[in-house]
Amino acid sequence: MKLQISYNILDLNKALDVAAQTADCADILGVGSLILLQNGVKAVAAFKEKFPTKEIFAEASIIEKGDLSVKILAQAGANYISILSGSSIATLKKSTEAGREYGAKIMLNLVDSISLEQSANDAKTIGAHGIIFRLTPTIRDTIGIDVAWQSVRGNTSLPIFVTGNIIKETIHHIIALKPDTIMIGQAITHAAAPSQEACHLHSLIKNA
């Protein structure tokens, strides 16, 4: 099980500073959607330049122009790139083809999925490397995390990354699901002591 720290701090220099404090306790560094909107693809390049030995996840949530988007992000240094499951089949397939061409792993984000079961089942067919399972308020309040998780895990053999406002009070429940990677953002990046929090959560995940 891995820890991905997602950095969504609009000021790129500040984001890189927090990353420098926490990167030693992260397996993957996530360049969040907001930092991408604020700074563009240079944010990915900056993270890759500063942390050349770390895997970089561009949390782009691509919805169209997938082949070109993947090419741009991969050439900037992204090892993982997210695409929304609600994208057209053509966009999904072009994205995964571009991922193979440029050496990036395409992760299917189920946040906009109409059917978790169907999206999970289709992910391998379209060539995705893995799935992002997001803990939305709907899942927490009406479906239930465990039921929603089984809808995904029971329909794919691909790696699953879990995200969605994960904090230290809920981390044990998420660890018990045994995802491949847990994606944590503000609980670490906005903590009073980011380095301490990152290493604590990383230890919990690694020792589970």
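Numbers below:
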{"read-out": "Residue within the stretch 33-42 that is in contact (Cβ under 8 Å) with a residue 24 or more places away in the chain, of a type outside the set (Val, Ile, Thr) and within 16 Å of Met183 (Cα to Cα) present", "value": "yes"}
{"read-out": "Residue under evaluation Ala46, criteria (1) assigned to a helix (DSSP H, G or I); (2) surrounded by 22 or more Cβ atoms within 10 Å (Cβ to Cβ); (3) among the small types (Gly, Ala, Ser), criterion not met", "value": "(2)"}
{"read-out": "Residues (farther than 19 Å from Leu108 by Cα and hydroxyl-bearing (Ser, Thr, Tyr)) located in the stretch 153-170", "value": "Thr170"}
{"read-out": "Search result, residues across the stretch 151-185 that are closer than 23 Å to Glu117 by Cβ, in contact (Cβ under 8 Å) with a residue 60 or more places away in the chain and of a type in the set (A, V, I, L, M, F, W, C)", "value": "Phe161, Ile182, Met183"}
{"read-out": "Those residues of the stretch 96-141 which are among the acidic types (Asp, Glu) and either within 14 Å of the chain's Cα centre (by Cα) or more than 18 Å from Leu73 (Cβ to Cβ) (or both), in sequence order", "value": "Asp112, Glu117, Asp122, Asp141"}
{"read-out": "Failed item in (1) surrounded by 15 or more Cβ atoms within 10 Å (Cβ to Cβ); (2) free of Cβ contacts under 8 Å to residues at least 12 places away in the same chain; (3) not aliphatic (A, V, I, L, M), with Lys14 passing the rest", "value": "(1)"}
{"read-out": "Complete set of residues in the stretch 189-200 that are in contact with a helix residue (DSSP H, G or I) (Cβ under 6 Å, 6 or more places away or on another chain) and assigned to a helix (DSSP H, G or I)", "value": "Thr189, Pro194, Ser195, Glu197, Ala198, Cys199"}
{"read-out": "In the stretch 171-208, the residues that are more than 19 Å from Tyr7 (Cβ to Cβ), aliphatic (A, V, I, L, M) and surrounded by fewer than 21 Cβ atoms within 10 Å (Cβ to Cβ)", "value": "Ile175, Ala176, Leu177, Leu204, Ala208"}
{"read-out": "Those residues of the stretch 36-48 which are small (Gly, Ala, Ser) and touching a helix residue (DSSP H, G or I) at 6+ places or on another chain (Cβ under 8 Å), in sequence order", "value": "Ala43, Ala45, Ala46"}
{"read-out": "The listed residue being acidic (Asp, Glu) and within 14 Å of the chain's Cα centre (by Cα), out of Asp27, Asp11", "value": "Asp27"}
{"read-out": "Strands (runs of 3 or more DSSP E) enclosed by the stretch 49-160 - at least 2 residues per element that are crowded, with 16+ Cβ neighbours inside 10 Å and out of contact with any helix residue (DSSP H, G or I) (no Cβ under 7 Å at 6 or more places or on another chain)", "value": "55-62, 80-84, 105-109"}
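No value in this document is a laboratory result; all are computed from the given coordinates. Predicted, not measured: the structure shown is a model, and the values here were computed from it. As a convention, Cβ positions derive from the backbone with ideal geometry for all residues, glycine included, and neighbour counts pool all protein chains shown.
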